[in-house]
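The values are calculated or read from the model by the stated rules, or taken from the named source; none is laboratory data. The structure displayed is predicted, hence computed values, not measured ones. Counting neighbours? That spans all protein chains shown, and the Cβs are built from the backbone with ideal geometry, glycine included. Note: accessible area is taken over every heavy atom of the protein model, side chains too, but ligands, DNA and RNA are not part of it. Shrake-Rupley method; radii C 1.70, N 1.55, O 1.52, S 1.80 Å.
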Amino acid sequence: QVQLVESGGGLVQPGGSLTLSCAASGIIFNFYVMGWYRQAPGKQRELVATISGGDYTDYADSVKGRFTISRDNAKKTVTLQMKSLKPEDTAVYYCRATRGTIGTYWGQGTQVTVSS
């Protein structure tokens, strides 16, 4: 059974920092592209950042220079470090694992709220 469990969300003031983590189980972690997506109220889910098994990374333009995605293949975890947070970063953040046509899996999501 595949499980992706996110943690680290919460309330933070504008300009602050937060780190999200996602722990995976039930998959051969190294073979999966891991990603973080987010969905704000009334909006579609959007890509935040992805990282391949070989550590190739990709970011949405809106978070470049502020967010950093990383992975630990031994621990089967993927982390999203978020800095200089803005109110528009407020959303539910989801962890995703994908491997071509083999399968795509999602976590349950964790709320990030940026507000003073």
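Rounded to the nearest 20 Debye, what is the dipole magnitude of the stretch 38-97 about its Cα centre when Lys and Arg each give +1 and Asp and Glu each give -1 at the C-beta?
160 debye
What aspartates and glutamates could a cross-link reach from K76, if we take a straight Cα to Cα line under 20 Å and drop same-chain neighbours fewer than 8 places away?
Within the straight-line cut-off, K76 pairs with E6, D55, D58.
What size of dipole, in debye to the nearest 20, comes out for the stretch 68-116 about its Cα centre when the only charges are +1 on Lys and Arg C-beta atoms and -1 on Asp and Glu C-beta atoms?
Dipole size: approximately 220 debye.
Using 0.36 nm per residue of separation minus the Cα-Cα distance, give me the extension gain between T113 and N73 in nm, one decimal.
11.5 nm
Round to a whole number: what % of the accessible area of the stretch 1-50 belongs to carbon and sulfur, probe 1.4 Å? Present the calculation step by step, with values, prior to reporting the outcome.
Working: 1330 of 2650 Å².
That fraction is 50 percent.
Can you work out the Karplus-derived ³J(HN,Hα) for every residue in the stretch 81-91? Use 6.51 cos²θ - 1.76 cosθ + 1.60 with θ = phi - 60°, whole Hz, and x for glycine or proline.
8, 10, 10, 6, 5, 10, x, 6, 7, 4, 4
What list of ³J(HN,Hα) values in whole Hz, one per residue of the stretch 24-40 in order, does the Karplus curve 6.51 cos²θ - 1.76 cosθ + 1.60 (θ = phi - 60°) give from phi, with Gly and Pro shown as x?
10, 8, x, 10, 7, 3, 4, 7, 9, 7, 9, x, 10, 10, 9, 9, 8
With charges set only on the Cβ (+1 for Lys and Arg, -1 for Asp and Glu), what does the dipole of the chain come to about its Cα centre, in debye to the nearest 20?
60 debye
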